[in-house]
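Working notes, beginning with the structure itself.
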Amino acid sequence: MAVPSSKSLRSQQVTARSRAPLPPRYRQARPVVAVLPFLDLRPEGAEEPLAEGLAEEILQALNELEGLQVISRTTSFLYGGSGLPLAEVGRRLQANAILGGSILPQGERLTIRAELMAVGTEQGLWTQTFGFDRKDLFPTLEKIIQGVAGALQTSAPLRTRRAVDLRAYEFYLRGRSYYYRFNRHGMAFAAQMFQQALDLDPGYASAWAGLANCAAYAHIYIERTETQRELAEACSRKALELDPTLSEAHASRGAALSAAGRADEAEEAFETSLRLDPNLYEAAYFYARHCFAAGKPERAIEYFEWAAALRPEDFQAILLVAQAYHSLGVEDEAERARRQGLALVEQRLQHAPDDVRARYLGANALVALGEREKGLAWARQARSMDPEDPMLLYNLGCINALAGEPAEALACLGLAVTAGLTQKDWLLHDGDLDSLRNLPEFQRLLDNL
């Protein structure tokens, strides 16, 4: 079969996108608005998940309005706590308007101050202070969102968010921050946090979706047991029962169905999720992973690129799209994505040198780009941090295969399978492993899955 050219592949992607919800990067919207994480005024110091979570709720709501262009959270959140005046941050972000604020939890009470400023004139467009009981957090956020939308002269309807207890919300935010580490320890702690949120609020659909995602990940990458599969199934179904309009619930359902091998139903759930909220990173990212494992690299490229557009700072989606391009033999695009992803990894490691996933995905990019020794050094460093993590071991197999070390690659893949990673489809379609495919040891590994 002939390998498609870069030009023809891009044409296929455009055709595919015409049938799917429109990714955020293709929308034309003005004015440009930036939202900063709120400052936590508690004397014991900032509680970052809450400070960022409240601002992100507002950012996501504004992002749903077609009349606005909202700067991505991680671009604007870099300035959280910088001490710079709002207008100066707005100028650096090239925004027309900027929203900042503060939070002060005191027992059962919470005080939020929000300020919206026009960047060019440094004129205050809207300022309000709210004092309320913790149970009224989400109704108060609705007032803030409505106030900001009104000041920006947008009249589009906003989606009503279910009220959630502040303590349950804080557990949910902590769980989500650990979930995105995509390793076994982070996933276990995330599941604990989601469960604690549900102990406080059993009707919290997003927490049920989070718990389902943890179980689906565990089933695919850590321990392929019926217990985890059934947990993913039950929790995702519960999330949908509680809120059939929640994009997160449909995305978690897609992850659970993908883990169970129900491919067509999984795709339908992911597509429903993206129709409900084209800005949901999890839906685009896990749909892309599902497509890649299913042997559909063109569609995987579409949704990895979508996820990368939703989170421009995210090194995972852009480095995985490089693998998809490589699988198709489109090496110019693979190199472009690897260089872009490697730059993001290096930025991440400056702030979080213990990020194992950043280290091993960066190692893969380095080896693929010809920096073999540096890449292998990064791989050894990652392995020293968490030597028994199955996802890490699998990626070490890929790195060593690319580096021309088949014996070490096969050893790492064997350890990954022993540790619990048994997703055969990914091994079948990952171009990083092409140099191993004709080896009898690799065939025996596949036969045993």
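Considering only residues of the stretch 209-234 that are out of contact with any helix residue (DSSP H, G or I) (no Cβ under 6 Å at 6 or more places or on another chain) and in contact (Cβ under 8 Å) with a residue 24 or more places away in the chain, which is surrounded by the most Cβ atoms within 10 Å (Cβ to Cβ)?
That would be Arg224.
Of everything in the stretch 241-254, what is modelled with pLDDT of 95 or more and buried (at least 21 other Cβ atoms within 10 Å of the Cβ)? Give them in sequence order.
Ala249, His250, Ala251, Ser252, Arg253, Gly254
Being under 15 Å from Leu280 (Cβ atoms) and not in a helix (DSSP H, G or I) is the filter here, so list the residues in the stretch 291-332 that pass it.
Hits for the stretch 291-332 are Arg311, Asp314.
I need the full set of residues from the stretch 379-407 which are in contact with a Phe, Trp or Tyr (Cβ under 7 Å, 6 or more places away or on another chain) and over 20 Å from Phe442 (Cα atoms), in order please.
Across the stretch 379-407, the qualifying residues are Ala379, Ala382.
Give me the pairs, please: first residue somewhere in the stretch 435-449 and farther than 16 Å from Ala411 by Cβ, second residue anywhere and of a type outside the set (D, E, K, R) and at pLDDT below 95, beta-carbon distance under 6 Å, and either six or more positions apart or on two chains.
That search, which allows pairs on different chains as well, returns Leu449/Thr422.
Evaluate the stretch 109-118: report whether one residue or more is among the small types (Gly, Ala, Ser), modelled with pLDDT under 85 and either touching a Cys at 6+ places or on another chain (Cβ under 8 Å) or closer than 16 Å to Ala51 by Cβ (or both).
No, that holds for no residue.
Residue by residue, here is whether (1) over 15 Å from Ala251 (Cα atoms); (2) more than 12 Å from the chain's Cα centre (by Cα); (3) surrounded by 23 or more Cβ atoms within 10 Å (Cβ to Cβ) holds:
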{"residue": "Leu276", "(1), (2), (3)": "no, yes, no"}
{"residue": "Ile301", "(1), (2), (3)": "yes, yes, yes"}
{"residue": "Ala309", "(1), (2), (3)": "yes, no, no"}
{"residue": "Glu313", "(1), (2), (3)": "yes, no, no"}
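Only one of Leu62, Leu84 is assigned to a helix (DSSP H, G or I) and not acidic (Asp, Glu). Can you tell me which?
Of Leu62, Leu84, the one residue that is assigned to a helix (DSSP H, G or I) and not acidic (Asp, Glu) is Leu62.
Considering Pro49, Pro37, Pro105, which residue is surrounded by 18 or more Cβ atoms within 10 Å (Cβ to Cβ) and modelled with pLDDT of 85 or more? Walk me through it before giving the result.
Values: Pro49 fails: modelled with pLDDT of 85 or more; Pro105 fails: modelled with pLDDT of 85 or more.
Exactly one of Pro49, Pro37, Pro105 is surrounded by 18 or more Cβ atoms within 10 Å (Cβ to Cβ) and modelled with pLDDT of 85 or more, namely Pro37.
Within the stretch 65-81, restricting attention to residues that are surrounded by fewer than 17 Cβ atoms within 10 Å (Cβ to Cβ) and in a helix (DSSP H, G or I), which residue is modelled with the lowest pLDDT?
For the stretch 65-81, the residue satisfying everything is Thr74.
Please go through the stretch 262-273 and pick out each residue that is modelled with pLDDT of 95 or more and of a type in the set (A, V, I, L, M, F, W, C).
Ala266, Ala269, Phe270
If you scan the stretch 285-305, which residues turn out to be without any contact (Cβ under 8 Å) to a residue 40 or more places away in the chain and in contact with a Leu (Cβ under 6 Å, 6 or more places away or on another chain)?
Within the stretch 285-305, Phe304 is the sole residue that qualifies.
Select, from Ala358, Ala403, Ala409, the only residue that is more than 20 Å from Arg289 (Cα to Cα) and crowded, with 24+ Cβ neighbours inside 10 Å.
It is Ala409.
Is it the case that some residue within the stretch 405-419 is over 18 Å from Gly362 (Cβ atoms), aliphatic (A, V, I, L, M) and touching a residue at least 60 places away in the same chain (Cβ under 8 Å)?
Yes: one or more hits.
Could you run through the stretch 72-90 and say how many residues are within 25 Å of Gln350 (Cα to Cα) and touching a residue at least 12 places away in the same chain (Cβ under 8 Å)? First the steps, then the outcome.
Residues of the stretch 72-90 that are within 25 Å of Gln350 (Cα to Cα), as a first pass: 72-84, 88-90.
Then keep just the ones that are touching a residue at least 12 places away in the same chain (Cβ under 8 Å); that gives 72-77, 79-81, 89-90.
Number of matching residues: 11.
Return the residues of the stretch 228-253 that are of a type outside the set (S, T, N, Q) and either outside any helix (DSSP H, G or I) or more than 18 Å from Ala191 (Cα to Cα) (or both); say none if nothing qualifies.
Of everything in the stretch 228-253, those that are of a type outside the set (S, T, N, Q) and either outside any helix (DSSP H, G or I) or more than 18 Å from Ala191 (Cα to Cα) (or both) turn out to be Leu240, Glu241, Leu242, Asp243, Pro244, Leu246, His250.
Where in the stretch 98-206 are the helices (runs of 4 or more DSSP H), entirely inside, with at least 3 residues that are over 30 Å from Asn395 (Cβ atoms) and out of contact with any helix residue (DSSP H, G or I) (no Cβ under 8 Å at 6 or more places or on another chain)?
In the stretch 98-206, the matching helices (runs of 4 or more DSSP H) lie at 137-151.
The values are calculated or read from the model by the stated rules, or taken from the named source; none is laboratory data. Fair warning: this is a prediction, and the values are worked out from it, not measured in the lab. So basically every Cβ, Gly included, is an ideal-geometry build from the backbone, and we count neighbours across all protein chains shown.
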